[in-house]
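The values are calculated or read from the model by the stated rules, or taken from the named source; none is laboratory data. All of these numbers come straight from a predicted model, not from anything done at the bench. Cβ atoms come from the backbone with ideal geometry, glycine included; neighbour counts cover every protein chain shown. Ligands, DNA and RNA are excluded from the accessible area calculation, which covers all protein heavy atoms including side chains. Shrake-Rupley method; radii C 1.70, N 1.55, O 1.52, S 1.80 Å.
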Amino acid sequence: MSDLLAARSQMAMSLGFHIIFAVIGVAMPLMMTIAEWRWVRTGDPAYLALARRWAKGAAILFAVGAVSGTVLSFELGLLWPRFMDWAGAIIGPLFALEGFAFFTEAIFLGIYLYGWHHLRPTLHIAAGIIVTTSGVVSAAVVTTANAWMNTPAGFELADGLPHDIRPWAVMTNPHALHESLHMVLAAFAATGLLVAGIHAFLILRGAHDNFHRYALAIALLVGGIPTLLQSISGDALTKVVAAHQPAKLAAMEALFHTAPGAAFHLGGLPDEESESVPYSLEIPKLLSLLLYLDPQATVAGLDRTPRRDWPPVAVVHVAFQIMVGAGMVMMMLVLWAAWRWKQGRLYEDRLLLWALALGAPLGFLAIEAGWVVTEVGRQPWIIYGIMRTSEAVTPMPGIAIPFVMFTVLYGVLALVVVWTISRHISATERHGHPPESGEVR
Amino acid sequence: MTLDILLAGMLLGALVFYVLTGGADFGAGVWTLLARGKRGHLHQALIDRAIGPIWESNHVWLILIVTILFAGFPRAFAVITTALHIPLTALLVAIVLRGSAFVFRTHDVRPRSDHDASQVFWRRIFAGSSLVAPLMLGTTIGTIASGRLSERLPSFFELFVAPWLAFFPLLVGCFTLALFVSLAAIYLILETADPLLQEDLRRRALVLWIIVSSLGGIVLIESRTGAPVIYDGLAHTGGGRAILGLTAIAGLVTLAALLLRRFRTARAAAAAQVILIIFGWAVSQYPYLVVPNVRLPEAAAPDQVLRLLVWSLLIGGLVLFPSLFYLYRVFKAHALFAPPADR
Ligand code: HDD
Ligand code: HEM
Ligand code: HEM
């Protein structure tokens, strides 16, 4: 394994691990806060039990999110020192801003998780709201930094170095708004549907108390609305990619040849050698229509980009199909659930509950796939059009060693997390809503 | 004062906060090693209760340090993360294990007995990683100060191992560890009302006082060859000598206060000593960010970025400090805000 490949794999693995916990860290606090607020409003103890139960399990996930994030902030230098040397001054301020968001998040999370007996409920709920807000801000800010790597802006290039940095233009780079919005929606959609799926499963297993019904309702609400919005946001994001990163778009859509009235390829495994897309269903003119609302519009294909600047087409195309496919299925699940809810039969439709349970991981699948589209689709560039990934990598040899080490470490951690959380879930199942005594430690 | 110095000062401030808070959390983790025997479970419970609500917040100082470093002084960040890849990776592994082991142990659904195999396992991981992290952090700082990151022969060993695998950096690592552990012992005294626990901790703090003082002396003597820039700054300038003198006084006050059971005074003096040590290092290393080839002001980001960072930190501080105050007010009222009479 070459050092470059090892470094890319280590980055991808660390990010792919972190994002799972980060996303839960964004959305879970909102759900806990809603449950606690319902308790204050209705006085129903099942809501309080729910808020506490969620908080106790989520505390583990928050901690793993925080430590894996720390690894990332060092890895930017450990793996890509030349990138950070070049771009640190440009995207660094965004990360510093992020640092403050982490601070408020961690502080009020501590207050929320450990402060059940120290604070009045209104203050406690306020702490939960602050945690949610800072989580959303940190997700948006870090995605903005990533957006800058896609559409670098806000500086002048002279002698191969950045000059005249304009921080505001960096923060408002063309990708920033759409990408951050898409990411934040993804966080709520994925976490909401995951939690909904878990509680749907427990209801199927015979837990028929209010605890699980409330949980399902809150999770569906928090996950469902963003899921529906996600297709709009994704569509807008695709158009931004088409405008600024034509090679990435062509790879996403497996479009080898520039053409008016471009066809849409559903599925398929693009072959770079023969420039064809075997096993795909070709729908004439649909791509032009989707992108430009005009069936005759010309869409730039990969032939506009020199071959050495192509991203790996097959990976990007398949990942894009997985994300969009997962998004469609999630939307159907949400609409189905909404319809049953309106009929007042949400908790009785066993088929729906099974579908929700099986669809629980879909949002996370979409997130991982979406990041593969963004990151692999940007290759061979680390800063699009400016710096190649191969120019950025550390001179340190033997990167395969830390890569394997972190992979094993994270693998073990993932197993332990799954095991611990499943103990939490099965404890909930057995006791219905257990009489939480004392502090949530 | 120019912007680069202002920002470097803020970086140093963040480091002080990290050492005083996050550093002590690592130290407390190391004390789990001794939480055995008759009162072992009481010590363990005390440590868990003391760091539970705050360690994640304290940890964010480190993240702030890293981000200020790469935003304001990208060259320094690149040099450090390249040459110190190995100790920094070890630091990261320790950070990951420390945090995860702590939550796995304290957030299990059904509270289990202290002797449960998984509890024992996670406690060991927690303690071991709390021990490795300060060592690596100190080694990193020792290397930065030592001047061993200069141009070297292009061999793997010379570039990536020799700079830090040397007597002086490792000595600074040990000193850092001892400092964190001793801070933790002194803080913990004020977290409990149990006189027996207090007495245990006081004895440990006294032992640690001896270790910290001797290691501190050795670091100073060794810096003569190990980190000449630091030695010159401390021993050959008026300011440096003044800082050394004050550090020694703070040490003696800590000792006296521990002997007299004036624990609040001991805590204040120990914290002052840490601040002086960090300050002394920084002042004598100025204008180097990394000795001997990354210097201020050349290594700083352009002024518009520095200005943005300084303002963000100032405005961010307006949110951060009241929030931190509130956090400590809620959970540390007994140790920080209660009148001294009832300790
Ligand atoms: C719940 C998760 C989820 C769902 C249902 C979708 N996405 Fe997505 N998508 C993400 C989660 C995500 C993501 C993982 O969060 C990404 C990676 C980078 C980013 O900001 O969002 C992403 C990236 C991403 C990109 C790449 C942006 C870039 O390269 O900068 C495009 C073009 C789309 N998405 C488009 C869509 C479309 C058309 C969808 C139709 C339903 C869709 N996404 C559903
Ligand atoms: C290069 C990429 C990234 C870096 C360097 C990074 C860095 C970090 C760091 C240092 C932390 C720990 C903060 C703490 O101690 O509380 C963290 C946590 C977090 N990160 Fe990331 N992160 C990255 C990618 C992302 C992305 C893409 C998201 C988008 C959702 C994200 C969202 C979060 C959130 C919400 C948390 C809080 C975690 C929790 O409380 O569970 N991060 N990240
Ligand atoms: C948390 C969600 C993210 C995931 C899952 C993710 C995924 C990936 C993947 C798969 C790669 C490898 C691409 C390749 O080499 O083929 C990669 C590379 C990289 N990512 Fe991301 N990414 C995420 C967010 C971010 C963010 C927010 C940033 C920075 C602000 C970032 C910075 C980088 C860098 C610097 C590389 C290495 C250079 C490169 O390969 O272009 N990533 N990431």
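Computed values, structure above
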read-out	value
Local electrostatic count, A:Gly69, Cβ distance below 15 Å [Lys/Arg +1, Asp/Glu -1]	-3
Net charge of Cβ neighbours under 13 Å - reference B:Asp4; Lys, Arg +1; Asp, Glu -1	+1
Rounded Å value of the spacing that divides the Cα centres of the stretch A:93-160 and the stretch A:260-333	35 Å
Paramagnetic reach from A:Ile225 (point 7 Å along Cα→Cβ, amide N under 20 Å) across the stretch A:123-140	A:125-140
Probe 1.4 Å - accessible area at A:Met11, Å² to nearest ten	30 Å²
Spin-label model distance (nm) - B:Ala333 vs B:Thr2, 7 Å beyond Cα toward Cβ	4.9 nm
A:Ala12-A:Arg307 pseudo-label distance in nm [points 7 Å out on the Cα-to-Cβ vector]	2.2 nm
Total formal charge among the other residues, if their Cβ is under 13 angstrom from that of A:Pro29, Lys/Arg +1 and Asp/Glu -1	-2
A:Asp271 - accessible surface, heavy atoms, 1.4 Å probe, Å² rounded to 10	60 Å²
Theoretical ellipticity at 222 nm over the protein assembly as shown - DSSP helices of four or more residues, -39500 (n - 2.57) apiece, nearest 500	-25000 deg cm²/dmol
FRET efficiency, 1/(1 + (r/R0)^6) with R0 25 Å, evaluated for B:Leu259 and B:Phe279 via beta carbons	0.40
Förster radius 56 Å - calculated FRET efficiency between A:Ala314 and B:Tyr326, Cβ distance, rounded to 0.05	0.60
Heavy-atom accessible area order for A:Met1, B:Met10, A:Met387, largest first, 1.4 Å probe	A:Met1, B:Met10, A:Met387
Cα gyration tensor category, rounded, prolate or oblate, for the protein assembly as shown with a/c compared to 1.5	oblate
Accessible area that becomes buried as B packs against A, both chains, 1.4 Å probe, Å², nearest 100	5800 Å²
Normalised contact order of chain A, rounded percent, pairs of Cα under 8 Å and 6 or more residues apart	21 percent
Area accessible to solvent at A:Tyr47, 1.4 Å probe radius, in Å²	20 Å²
Candidates A:His178, A:His163, A:His199, ranked by Gaussian network fluctuation over chain A, Cα under 10 Å, top entry	A:His163
Inter-label distance, nm, simple model (7 Å from Cα along the C-beta direction), B:Phe167/B:Val207	2.7 nm
Shape box of the stretch A:296-338 [Cα atoms, principal axes, largest first, Å]	48, 28, 9
